[in-house]
Amino acid sequence: MSSDTQVATELVGRSPGQLMWRRFRRDRVGVVSGCVVLFFFAVGILAPVISWLYGKDPQTRYGQIEPGLLNEFGYPVKPNGGIDGEFWFGLEPFLGRDVLTQLVYGIRTSLLIALAVTVLATLTAILLGITAGYLGGKADFLISRFIDLLMAFPNQLFFVAFLPIVTTLFVDPREETPTYVRVVSIIVVLWVLGWMTLGRILRGATMALREREFVEAAKVSGASPWRIIRKELLPNVVSPMLVQATYMLPNFVTTAAALSFLGVGLVEPTPDWGRMFAIGAEVYRADLTYMFFPGVAMVVFVVAFNLLGDSVRDAFDPKTNR
């Protein structure tokens, strides 16, 4: 029996999902990247457990409570940012908080925001993109022009400009804004301006599918448009949807961090990945170590997620030989 026949025999009876998983498992880069991504999510989810086991929290100002940890200028006395057996990643300059727990809770905050935005953006893109691609006509025209309008906005500028405006819709500007309001505002702004690329991808994929035989057969059988979209079209656009989502989430993480870095995102005392970069930018001349851990963590997370997206795309491609 030839090798091609053996491969064909092995693939008989396997679902597309099983074939995708089989190709993905053979991609070592994808598997390692997936493990790294899962590690970051585990760190975020288990942040309270890590803090409890470690014996520190992100709010206590250890450097101000315990004498001899910070010098008269507010910087750690011990070398390398105060790294020792008690403070594994060192101390935050000026306030003297523990860097490890600040980073762990900052990862938790950023990932929760990015995950919420990714889910909302994906659902919106599915609803509008597939609807536009399947119905066509006026619906397609209106939705496509709406997407074009939103994509014409310079996103980074409008993130900075709109976020304070959205926040004032919930809280009087003269009052202190609660953390949950800031989180909701960030999610809303990133969601509204973050779904269009996936929406266009799903619209194009749906337009290519709506003339296929299985869709025509469903129409002839009397299936409603909603049933055709749900049963026939949606399962066939899972591949581009999932691949694009793996690119969207790290992008939302970095965008949320950038907003906090610019001072319009999360503020004290909420631990945040982006605000650690803002503090690091102020103290890097005297304490370069403080920037090291959040910087390395961000680079590793983004690179791992992008490599995971490439691997998922290749796994969904039936022409990929692994």
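Brief remarks follow.
- The residue that is surrounded by the most Cβ atoms within 10 Å (Cβ to Cβ), among those in segment 257-281 that are part of a helix (DSSP H, G or I) and touching a residue at least 40 places away in the same chain (Cβ under 8 Å), is 273.
- As for segment 227-244, it holds at least one residue that is closer than 30 Å to residue 263 by Cα, at pLDDT 85 or above and not acidic (Asp, Glu).
- Out of 42, 47, sole residue that is open to solvent by less than 30 Å² (accessible area, probe 1.4 Å), closer than 30 Å to residue 311 by Cβ and at pLDDT 90 or above: 47
- Condition check for residue 246: polar (S, T, N, Q) and part of a loop (DSSP other than H, G, I, E, B): no
- Test for residue 185: is it open to solvent by less than 30 Å² (accessible area, probe 1.4 Å), farther than 23 Å from residue 132 by Cβ, among the polar types (S, T, N, Q) and modelled with pLDDT of 80 or more: yes
- Residue within segment 145-167 that is open to solvent by 70 Å² or more (accessible area, probe 1.4 Å), farther than 29 Å from residue 243 by Cβ and among the polar types (S, T, N, Q) present: no
- Highlighted here would be helices (runs of 4 or more DSSP H) found entirely within segment 94-193 that include at least 3 residues which are within 20 Å of residue 277 (Cβ to Cβ) and without any contact (Cβ under 8 Å) to a residue 40 or more places away in the chain, but there are none.
- On inspection, residue 81 passes the criterion of being closer than 28 Å to residue 284 by Cα, in a helix (DSSP H, G or I) and more than 22 Å from the chain's Cα centre (by Cα).
- Hits in segment 282-293 - residues which are surrounded by fewer than 22 Cβ atoms within 10 Å (Cβ to Cβ) and either out of contact with any helix residue (DSSP H, G or I) (no Cβ under 9 Å at 6 or more places or on another chain) or not in a helix (DSSP H, G or I) (or both): 282, 284, 285, 286, 288
- Looking across segment 1-28, the residues that are at pLDDT 80 or above and open to solvent by less than 80 Å² (accessible area, probe 1.4 Å) come down to 22, 23, 24, 27.
- Criterion (β-branched (Val, Ile, Thr), modelled with pLDDT of 90 or more and open to solvent by 60 Å² or more (accessible area, probe 1.4 Å)) met by exactly one of 122, 197, 109: 197
- Selection of segment 200-217 for residues being charged (D, E, K, R) and surrounded by fewer than 18 Cβ atoms within 10 Å (Cβ to Cβ) yields 211, 212, 213, 216.
The values are calculated or read from the model by the stated rules, or taken from the named source; none is laboratory data. All values reported here derive from a predicted model rather than from experimental measurement. Neighbour counts run over all protein chains shown; Cβ positions are idealised from the backbone, glycine included. Ligands, DNA and RNA are stripped out before the accessible areas are found, and what is left, the full protein with its side chains, is counted by its heavy atoms. Shrake-Rupley method; radii C 1.70, N 1.55, O 1.52, S 1.80 Å.
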